[in-house]
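Contents: one structure, followed by commentary.
The values are calculated or read from the model by the stated rules, or taken from the named source; none is laboratory data. All values derive from a computational prediction rather than experimental measurement. Neighbour counts run over all protein chains shown; Cβ positions are idealised from the backbone, glycine included. With ligands, DNA and RNA removed, areas are computed over all heavy atoms of the protein, side chains included. Shrake-Rupley method; radii C 1.70, N 1.55, O 1.52, S 1.80 Å.
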Amino acid sequence: MKASIKFQLNGKPAALDTEDDRMLLWVLRTDLGLTGTKYGCGEGICGACTVTVGGKAVRSCRTPIRNVAGKEVVTIEGLARGDTLHPLQQAFAEHGAFQCGFCTSGMLMSASAFLRESPRPSREAVVSHMDHNLCRCGAHQRIVDAIESVAIQHGTSP
Amino acid sequence: MVVLVSMTPEFLLADEGKRLYPEDFNAYLVIGENGRVTVFSGKIEMGQGALTSQAQMVAEELGVQLASIDMVLGDTDRCPWDMGTFGSLTTRMFGPALRAASAQARLVLMTLAGERLGVPLERLVVRDGLVSVAGEPNRSVSYAELSRGARITRVVDRKAVLRAAADFNVMGTSPQRLDALEKVTGTARYAADIRLPGMLYARVLRPPMHGAARLTLDTSAAEGLAGVTVVARDDLVAVLHADPESAAKALELVRATWRQSAATPDPDTIFDHLIAKAAGFTEVAASGDTVVAQASAVQSFETTFQKGYVAHAALETHAALADFRDGRMTVWASTQTPFPARAGIATALGLSEANVRVITPLLGGGFGGKSAFGQAVEAARLAQIVRVPVQVAWTRAEEFFNDTFDPAAIVKITSGVDRAGKVLAWDYRVYAAGSRGTTLSYAIPNIRIRSAGKNSDAPGATTTDLHPFAVGPWRGPGANMNVFAAESQIDIMAAALKVDPLEFRIRNLTDARMIRVLKAAARVFGWPTVAKGGGRGYGLACCIDAGTYVATMAEVKVDAATGRIAVVRIVCAQDMGIVVNPEGARMQIEGGLMMGLGYALSEELQFRGGEILDRNFDSYELPRFSAAPRIEAMLVPNNELAPQGGGEPAIITTGAVLANAVFDAAGVRLLRLPMLPDRVLKAIAAKGSAPTGAHSADPTHQVRADASRAARIPSA
Ligand code: FES
Ligand code: FES
């Protein structure tokens, strides 16, 4: 059904007149030109398309656009604050927590939602939270190290 | 300024005497009047770090800061010709050419500076793009100033000398990857991210199985959808739309009937099929007399190993955007082989290669799978027909269907040991995997190595009619299977002789470099390990690949109730000569080992004849975070040797190191990869019911011993 859908996108208002059953992934990539969110499987399995909606990580390939009406959507393009990288982005760059980088947007969005809920997770908790984000390049160890390093910063900050 | 560097013939020839890098009209590097250096290379970035490592090589040899370099990779209009990015060749084969070009450019610039400053070359030093007189820092001239104005046509009549490892400033260091910022901010562009005004998204009709022939086609319902363009050629049926989801809906409305293919093999019957269909053997290596030697062996071992088909499964599916304008086709493609892709597109379109340009953005993984460029040809053909830019981006199901899989393969080994516990004879036959990785590290006097069912080990050879679908190079092609088999067989012999597997290997090695690498791994791992129990076990494997020596040790835990194998820890030591970027090299080792867990433990393509049953990652299980062991990647220093390959060697050891560790943990020898839980359980059950000493499951494994002689074998 054609609908007029408004939401917050990376801190700014967004409005679209479109079929309301279209998936957020394709609206982002096609209509809104935000290509940082990736297609990896299209069926909610790989996590490459992860964005946050209302602070929670969701798979944009399985999220009809009508579900985000009135909500706050953050994509990888909105994770940094201006020129200041999110601590996770900084940590991923420093730890070399990527190779091809195709899973990276999804990893970062998934991890950022997780650390917001659980700022000081154990390594096991990081592993189990990230377990449904796939990385074919095998950057797993460095991804966990990077997330842990940010969690530790949380732990030591006053 | 443009520096055109003619390469000396040694850089133009590959090992086999094939032309590798032609003298090319494209420049390797350009120095701008602003001092920035643009480097042109046919070697693309697919995650392996070639963007950064190539820039490091140029910065080192040219004498400029890394930050002053801009890389242009895989653009056929602008970069020197290249066969493609595979085979761990970038640093090993292209590296010398790139370094030589940069060093030659430095020599040209220093010669010019010497004339400008009125001093002989010998008195000049270069730092960060500034040439100055030694000891007189005020007398200097920058590359930017030198490059201002005239284009340099001068040819220097002497050959630049590459910098020695001891003097490296940039090579041998691990700066942050040049693609880090764009990859963590989502601004990195991959082929499917390129947008052009008016572009259409195409979805291509696929047959239900390989080998099926189309009988009827009805596109009328799809044509009824607003905004849909239908293209129907004999071999290419596609629907196009300005919105990718609408294109997908239109494809669902296309009706076609197919004549089924007759192929019948499945993942269990494929091995007999391959052995029956593989044509005669090619002799890969032979020395001594294996038949005579075998007869005098005190103990003989005959083993058959198997491995199924494995998908590349890069997270980025094949994608391309094609734009046809003024008779010229430009294609942005996720490809490991931009120049062969240009040739393939030109042929398919009836254009000259000069009228085709392939531009390679960043790749979301390749692993050999993007040596095939079918999507680029599809996009180009469609753009030529519809005359607007066309994107073809395969779905995950298409990616599984169109993949050029790592072939299923079989290895049969018969080997024998003498009474000193040394391997005396090695008779090796491989089917379908090819011969890469069959060269032995060990000093065995009588060997015969034969390969069947693979016509060519040449990269880019993608299909043989042996298989029910396309196969092709897969990270460490052939070597994954061959090293799994050979290094398992070595362990089988060590275990039968009750000799520690490290000790047994060293006893049979004369290659000091390999012994050094094994000992380095052993030191860090703590081999031999004693603390066992609770299903824990330890394994090792080693090999030589792409000029690199690698030794890997692993600790696993086998759950005898479920058959699940947990990999606890892996130590991998690698001697790869001079290391351009140590962190980058470690990332390749870690990534290779992680990826290797897949073919070793969980990945095996499901198919029925030509029908691919795996369509997504729900059934096809990639290694996940929860499967990740602690990995310690260590580089064994060796600055005597030019840089060797690093993308593949580590992954090649994964199958054997885990199979050997599983044997140590559970006393069962897994001869077929992947070591799925039910296969482990079956092997454990077979061990329980078998007479003492025999400990093997499928496929076949026999130990024949002459008891009287075997008794005299000394143990370590
Ligand atoms: S593309 Fe959405 S989970 Fe894979
Ligand atoms: S970095 Fe390539 S898929 Fe994760």
Exercise. Of all residues in the range B:554-564, which are in contact (Cβ under 8 Å) with a residue 24 or more places away in the chain and over 16 Å from B:Gly591 (Cα atoms)?
Worked result: B:Glu555, B:Val556, B:Lys557, B:Val558, B:Asp559, B:Ala560, B:Thr562, B:Gly563, B:Arg564
Exercise. Can you name the residue in the range B:64-111 that is in a helix (DSSP H, G or I) and over 16 Å from B:Val30 (Cα atoms) and is also farthest from the chain's Cα centre (by Cα) among such residues?
Worked result: B:Thr111
Problem set entry | Sole residue being assigned by TED's automatic domain parsing to the domain that holds B:Arg475, closer than 30 Å to B:Asp678 by Cβ and either within 16 Å of ligand 1 (Cβ to nearest atom) or within 18 Å of the chain's Cα centre (by Cα) (or both), chosen from B:Tyr549, B:Tyr599 | B:Tyr599
For this session: Of the numbered conditions (1) within 14 Å of another protein chain (Cβ to nearest Cβ); (2) open to solvent by less than 60 Å² (accessible area, probe 1.4 Å); (3) part of a loop (DSSP other than H, G, I, E, B), B:Ala226 fails exactly one; give the number of that condition.
Result: (2)
Problem set entry | Selection count, the range B:193-223, where residues are crowded, with 19+ Cβ neighbours inside 10 Å and assigned to a strand (DSSP E or B) | 5
For this session: Starting from the range B:174-196, keep only residues that are at positive phi, then list their pairs with residues that are open to solvent by 30 Å² or more (accessible area, probe 1.4 Å) whose Cβ atoms are within a distance under 7 Å, requiring at least 6 positions of separation or different chains.
Result: B:Gly186/A:Glu77
For this session: Specify which of the listed residues (A:Ala113, A:Ala80, A:Ala151) is of a type in the set (A, V, I, L, M) and within 12 Å of chain B (Cβ to nearest Cβ).
Result: A:Ala80
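Residue by residue, here is whether (1) more than 22 Å from the chain's Cα centre (by Cα); (2) farther than 28 Å from A:Cys135 by Cβ; (3) at pLDDT below 90; (4) away from every other protein chain (no Cβ under 14 Å) holds:
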residue: B:Asp15; (1), (2), (3), (4): no, yes, yes, yes
residue: B:Ala27; (1), (2), (3), (4): yes, yes, yes, yes
residue: B:Ile31; (1), (2), (3), (4): yes, yes, yes, yes
residue: B:Met46; (1), (2), (3), (4): no, no, no, no
residue: B:Gly49; (1), (2), (3), (4): no, no, no, no
Seminar exercise, completed: Residue pairs within 8 Å by beta carbon, gap of at least six or interchain, first lying in the range B:100-121 and not assigned by TED's automatic domain parsing to the domain that holds B:Leu62, second open to solvent by 20 Å² or more (accessible area, probe 1.4 Å) and not basic (Lys, Arg), listed first then second, are none
Exercise. Pick from the range A:98-123 the residues that are closer than 13 Å to A:Ile143 by Cα and away from ligand 2 (no atom under 16 Å from the Cβ): which of them is surrounded by the fewest Cβ atoms within 10 Å (Cβ to Cβ)?
Worked result: A:Arg123
Seminar exercise, completed: Restricting attention to the range B:378-404, the residues that are surrounded by fewer than 22 Cβ atoms within 10 Å (Cβ to Cβ) and either more than 14 Å from chain A (Cβ to nearest Cβ) or aromatic (Phe, Trp, Tyr) (or both) number exactly 7
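Okay, residues lined up against (1) within 16 Å of ligand 1 (Cβ to nearest atom); (2) of a type in the set (A, V, I, L, M, F, W, C); (3) outside the structural domain of A:Gly44 (by TED's automatic domain parsing):
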residue	(1), (2), (3)
A:Phe98	no, yes, yes
A:Gly106	yes, no, yes
A:Ser110	yes, no, yes
A:Glu117	no, no, yes
A:Arg142	no, no, yes
A:Ala146	no, yes, yes
A:Val150	no, yes, yes
Problem set entry | Looking only at the range B:167-210, and only at residues there that are in contact with a Phe, Trp or Tyr (Cβ under 7 Å, 6 or more places away or on another chain) and among the charged types (D, E, K, R), the one that is farthest from the other protein chains (Cβ to nearest Cβ) | B:Arg206
Problem set entry | Selection within the range A:61-77 - open to solvent by less than 40 Å² (accessible area, probe 1.4 Å), within 13 Å of A:Leu9 (Cα to Cα) and either away from chain B (no Cβ under 14 Å) or within 14 Å of ligand 1 (Cβ to nearest atom) (or both) | A:Val68, A:Thr75, A:Ile76
For this session: Check whether at least one residue in the range B:524-531 is without any contact (Cβ under 8 Å) to a residue 12 or more places away in the chain, more than 13 Å from B:Val636 (Cα to Cα) and open to solvent by less than 40 Å² (accessible area, probe 1.4 Å), and report yes or no.
Result: yes
Exercise. When both residues are 6+ apart or on different chains and their Cβ atoms are under 9 Å apart, which pairs have a first residue that lies in the range A:119-137 and is away from ligand 1 (no atom under 16 Å from the Cβ), and a second that is part of a loop (DSSP other than H, G, I, E, B) and open to solvent by 20 Å² or more (accessible area, probe 1.4 Å)?
Worked result: A:Ala125/A:Ser118; A:Val127/B:Arg624; A:Val127/B:Ala628
Exercise. Would a scan of the range B:306-324 turn up a residue that is open to solvent by 50 Å² or more (accessible area, probe 1.4 Å) and in contact (Cβ under 8 Å) with a residue 24 or more places away in the chain?
Worked result: no
For this session: Give the residue that is nearest to B:Pro623 (Cα to Cα), with candidates limited to residues of the range A:9-55 that are open to solvent by 40 Å² or more (accessible area, probe 1.4 Å) and within 15 Å of ligand 1 (Cβ to nearest atom).
Result: A:Glu43
Exercise. Is it the case that A:His95 is open to solvent by 10 Å² or more (accessible area, probe 1.4 Å), within 14 Å of ligand 2 (Cβ to nearest atom) and out of contact with any strand residue (DSSP E or B) (no Cβ under 7 Å at 6 or more places or on another chain)?
Worked result: yes
Problem set entry | Tally of residues being within 16 Å of ligand 2 (Cβ to nearest atom) and either of a type in the set (D, E, K, R) or part of a loop (DSSP other than H, G, I, E, B) (or both) across the range A:43-58 | 5
For this session: For the range B:223-231, indicate whether the set of residues that are under 28 Å from B:Leu315 (Cβ atoms) and of a type outside the set (Lys, Arg) is non-empty.
Result: no
